[in-house]
1. For the range 182-206, name all the residues that are in contact with an Asp or Glu (Cβ under 9 Å, 6 or more places away or on another chain) and surrounded by fewer than 24 Cβ atoms within 10 Å (Cβ to Cβ).
2. Given the conditions (1) at pLDDT 95 or above; (2) in a loop (DSSP other than H, G, I, E, B); (3) not hydroxyl-bearing (S, T, Y), and given that A219 satisfies all but one, which numbered condition is not satisfied?
3. Being closer than 26 Å to H159 by Cα, surrounded by fewer than 17 Cβ atoms within 10 Å (Cβ to Cβ) and touching a helix residue (DSSP H, G or I) at 6+ places or on another chain (Cβ under 9 Å) narrows it down to one of P139, P122, so name that one.
4. Could you please tell me which pairs satisfy a Cβ distance under 7 Å, a separation of 6+ or placement on different chains, a first residue in the range 100-129 that is under 18 Å from V3 (Cα atoms) and without any contact (Cβ under 8 Å) to a residue 40 or more places away in the chain, and a second residue that is part of a helix (DSSP H, G or I) and open to solvent by 10 Å² or more (accessible area, probe 1.4 Å)?
5. Out of all the residues in the range 1-26, which are open to solvent by 60 Å² or more (accessible area, probe 1.4 Å) and either modelled with pLDDT of 95 or more or closer than 18 Å to I71 by Cβ (or both)?
6. Report every pair of residues separated by at least 6 positions or lying on different chains whose Cβ atoms are under 6 Å apart, first residue within the range 27-53 and touching a residue at least 60 places away in the same chain (Cβ under 8 Å), second open to solvent by 60 Å² or more (accessible area, probe 1.4 Å) and assigned to a strand (DSSP E or B).
7. Can you find even one residue in the range 28-35 that is in a helix (DSSP H, G or I), in contact with a helix residue (DSSP H, G or I) (Cβ under 6 Å, 6 or more places away or on another chain) and open to solvent by less than 30 Å² (accessible area, probe 1.4 Å)?
8. Pairs only if they're at least six apart or on different chains, beta carbon under 8 angstrom, first in the range 63-77 and under 15 Å from L108 (Cα atoms), second among the β-branched types (V, I, T) and part of a helix (DSSP H, G or I); list them, first residue then second.
Amino acid sequence: MGVLIDRDTSIIIQGITGKQGSYHALQTINYGANLVAGVTPGKGGQTVHGVPVYDLVSLARESHHIDASLILVPPPQVFAAGQEAIANGIRVVVIITEHVPIHDTMRLKSLARSVGVTLVGPNTIGVISPGRSKVGIMPGSMYRPGDIAIVSRSGTLCHEIASNLAKNGVGQSTCIGIGGDLVRGLGFVDSLRMFETDDETGGIVLVDEIGGTGAEDAARLIAAGYKKPVYAFVAGTSAPPGKKMGHAGAILRDTRDSAASKKATLKEAGARVFDSIDEMVACIADRHRDRT
C-alpha cells in the first residue's frame, strides 16, 4: 500500500472539461488509476474519455466513492474548488495550479487541517505510487515500483531523480511533489513522518531548493532520531541574492535561505547530502545492489 494513495484510490478531476483537465484525465486512465468522475460547474451530464462529469462534487459523491481530487482549474477558481472538495470529505486534495493567491492557499490549508484532509500543493506535480496509481501530472513512464520514496519541491527534479534511479534498477514506493510555493499544504516534515511508518519505504530522497525553512524543519525531525536513511539534494547553489528562481518560494533573501546553509543543516542532522544528482543516484544504487 502506498503513502496517501494506492491501487484502489478513487479519483475525481475538478476542471476535467478544460484542456489540461481532459489531457490529464486521459493520462490518468492510461496509467491504470481509478478515475471515477469529473466536476465542472455547468458541464454536468457530459463525459470526458468515458468519465461522467458532474456540476458539483456533492453530486459526484451521490454516485461514486471518492478518495482523492485532482484540481486543474485557473487560479481564481482554486479556492472554491478546494473548499468544495474539503467540505465533501475528500481525504486527499491535490492542487496542480500555479499562481494561486497566497491568502487562498492559507485559507485552504487551515480548512484542510481542521477536518483532517491532506492538502498537496498548490503548484505541484502531485503524488504517484508507481505501478499502482497517481493523482498528478507526472509522466508515469519515468517511475517504477521500488522502496525509495521521494519528497520534492521541484517537479522537474523529482522526474529526473526517479528516472535516473529507475535506469539504475532502483524503484520508488511513493513520490510526493509538495510544490514550489512559499505557502503550501503538505510539507517535508509530514511527508517524512508518513514515510517513516511505511513498511514499503526503505529510504527517502529529499529535494529542496533555496527559500523557506523546509530543510531546517526536516533537519530537526531527522536529528531527533529518524529511523530511515535520508538522501538530500538542495538546488540553487549558484542562485544570486534577491532573485526568484522559477518557483514563487525559491528566493534567496539572506544566507539562511542559501543552498549551502540548507545543505550544512541537513548534513549536521544526519542526512546524506549530495552536491549533484548523479552522486546521489550512484550512492542509492550502490546501496540497492548491496542489499540484493
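The values are calculated or read from the model by the stated rules, or taken from the named source; none is laboratory data. The model shown is predicted, which means the values in this text are computed figures rather than measured ones. A quick note on method: Cβ atoms are made from the backbone with ideal geometry, for glycine too, and the neighbour counts reach across all protein chains shown. Ligands, DNA and RNA are excluded from the accessible area calculation, which covers all protein heavy atoms including side chains. Shrake-Rupley method; radii C 1.70, N 1.55, O 1.52, S 1.80 Å.
1. Listed by number, the residues that qualify are G187, V189, E200, T201, G202, G203.
2. (2)
3. Among P139, P122, only P139 is closer than 26 Å to H159 by Cα, surrounded by fewer than 17 Cβ atoms within 10 Å (Cβ to Cβ) and touching a helix residue (DSSP H, G or I) at 6+ places or on another chain (Cβ under 9 Å).
4. V117/I86
5. Result: R7, D8, K19, Q20, Y23, L26.
6. Pairs that qualify, where the first residue is touching a residue at least 60 places away in the same chain (Cβ under 8 Å) and the partner is open to solvent by 60 Å² or more (accessible area, probe 1.4 Å) and assigned to a strand (DSSP E or B): there are none.
7. No - not one qualifying residue is present in the range 28-35.
8. From residues that are under 15 Å from L108 (Cα atoms), the pairs are S69/V57; L70/T28; I71/V78.
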